[in-house]
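Here's the structure we're looking at; comments come further down.
The values are calculated or read from the model by the stated rules, or taken from the named source; none is laboratory data. Quantities reported herein were computed from a predicted structural model and do not represent experimental measurements. With ideal geometry, Cβ positions are generated from the backbone for all residues, glycine too; neighbour counts draw on all protein chains shown. Only protein heavy atoms, including side chains, enter the accessible area calculation; ligands, DNA and RNA are left aside. Shrake-Rupley method; radii C 1.70, N 1.55, O 1.52, S 1.80 Å.
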Amino acid sequence: MEILLRAVIGGVVVSAFALLGDVFQPKRFAGLFGAAPSVALASLGLAIASNGKLYAALEARSMAGGAIAFFVYAYCVCVVMMKYKPSAMLCSLAMIPIWCATAFGLWILWLR
Amino acid sequence: MKVHADFSALRRTKWYEYAIRFLFGGIVTAITGLIAKKFGPEVGGLFLAFPAIFPATATLIEKHEKQKKQRKGLNGTKRGRLAAGVDAAGAAMGAGGLLVFALIVWKLLPGRSGSMVWAAATPAWVVVAISIWAAQEKIRELQRKHAAAKSIPRLQLR
């Protein structure tokens, strides 16, 4: 039941930020909403309610590593899209391992 | 270009495109919870900054820009892909705000109420993300001016 609630809240929050990204122009500004803390806003509240504040704070600490990985990922997508102009779907999915490598690299070096 | 809201963009998005983003967002949020349960908050927390709907959004931007050009009788593939690249540049800048959000929640949450921490962290994300964007725009403007100033003597020589 908690997972279902989490999925619904996550879907609503993520969609709301995506709508803001659709509405705003220019695209460089709208792109800011692609890095909105949408999953975090949906998850951290539930984490506090079910596991307490310390648990949620630990999640937020790791989220900082995830955010650095997000920067590296988005920067790489931007560079490749601008230089080689591949399909957006192909490029953004093919670059996910960069997020994983950076996030887990930071976790091993800093967060573990 | 000044920042403005174009609500007609909402009409261009199909219902299933909204559904895809709802689904992606829901699935990633649920999976993040499951990962945190199985491997602990240190690993689960990483996924709070996972590029959950970035691929879906970039694909939609490419498609919409391409359609816009095609309505004018042009191909639009290159334009669509460049627009997706520009959106990625914005997301990279927004990641700075995401980092500040995470740091505020991490440092403030243990000793304060959740709602108070949210009230500090969410505006901080907005302010930091917009400030990085504004600074970057200023740098681009200065670079354009510098390039234009450099090209004037060359034109005069000719």
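The share of accessible area on the protein assembly as shown that comes from carbon and sulfur is 70 percent, using a 1.4 angstrom probe.
In angstrom, the C-alpha Rg and Dmax of chain A are 15.8, 47. With a Förster radius of 51 Å applied to the beta-carbon distance between A:LEU93 and B:SER151, the computed FRET efficiency rounds to 0.80.
Of B:SER115, A:SER92, A:SER87, the residue with the largest accessible area leads and the full order is B:SER115, A:SER87, A:SER92 (1.4 Å probe). Accessible area buried by the pairing of A and B, both sides summed with a 1.4 Å probe, works out to roughly 7000 Å². FRET efficiency for the A:ARG112 to A:ALA16 pair, using the beta carbon distance and R₀ = 30 Å, is estimated at 0.35. Counts of other chain beta carbons within 10 angstrom of each beta carbon in peptide A:46-59 average 6. Taking packing as the residue-averaged number of other Cβ atoms within 10 angstrom, the listed peptides B:34-45, B:92-103 run from highest to lowest as B:92-103, B:34-45. May I ask you to list the residues of region B:18-52 whose amide nitrogen lies under 18 Å from a point 7 Å from Cα along the Cα→beta-carbon direction of A:ALA101? Those under the cut-off are B:51. Using Cα springs under 10 Å in a Gaussian network model of chain B, which residue among B:ALA91, B:ALA134, B:ALA147 shows the largest mean-square fluctuation? Maximum fluctuation in the GNM of chain B, among the listed residues, is at B:ALA147. The three principal axes of the C-alpha atoms in region B:1-126 carry coordinate ranges of 59, 35, 23 Å, sorted with the longest axis first. The accessible area of B:HIS64, taken with all protein chains in place and a 1.4 Å probe, comes to roughly 30 Å².
Based on the Stokes-Einstein relation at 10 °C and a viscosity of 1.306 mPa s, and on the Kirkwood radius from alpha carbon pairs, region B:55-95 is assigned a translational diffusion coefficient of 156 µm²/s. Candidate cross-link partners of A:LYS85 among the lysines, defined by an alpha-carbon separation under 19 Å and a same-chain spacing of 8 or more, comprise A:LYS27, B:LYS63, B:LYS66, B:LYS68, B:LYS69, B:LYS78.
The smallest convex shape that holds all Cα atoms of the protein assembly as shown, its convex hull, gives 145 Å³ per residue. Take each residue of peptide B:70-80, count the partner chain Cβ atoms within 10 Å of its Cβ, and average: the result is 1.
FRET efficiency for B:ARG112 and B:PHE7, Cβ-Cβ distance as r, R0 = 30 Å, nearest 0.05?
Values: r = 37 Å, r/R0 = 1.24.
In this case the efficiency is close to 0.20.
Dividing the Cα radius of gyration of region B:2-73 by 2.2 N^0.38 Å, with N the residue count, gives 1.49.
Across all C-alpha atoms in region B:107-151, the radius of gyration and Dmax reach 18.3, 58 Å. Cα centroid separation, region A:25-77 to region B:91-120: 9 Å. The figure for A:PHE24 is an accessible area of roughly 50 square angstrom, using a 1.4 Å probe on the protein chains alone. Its DSSP H runs of at least 4 residues, each contributing -39,500 (n - 2.57), put the calculated 222 nm mean residue ellipticity of chain B at -28000 deg cm²/dmol, to the nearest 500. Dividing the summed helix terms, -39500 (n - 2.57) for each DSSP H run of n ≥ 4, by the number of residues in chain A produces a 222 nm estimate of -26500 deg cm²/dmol to the nearest 500.
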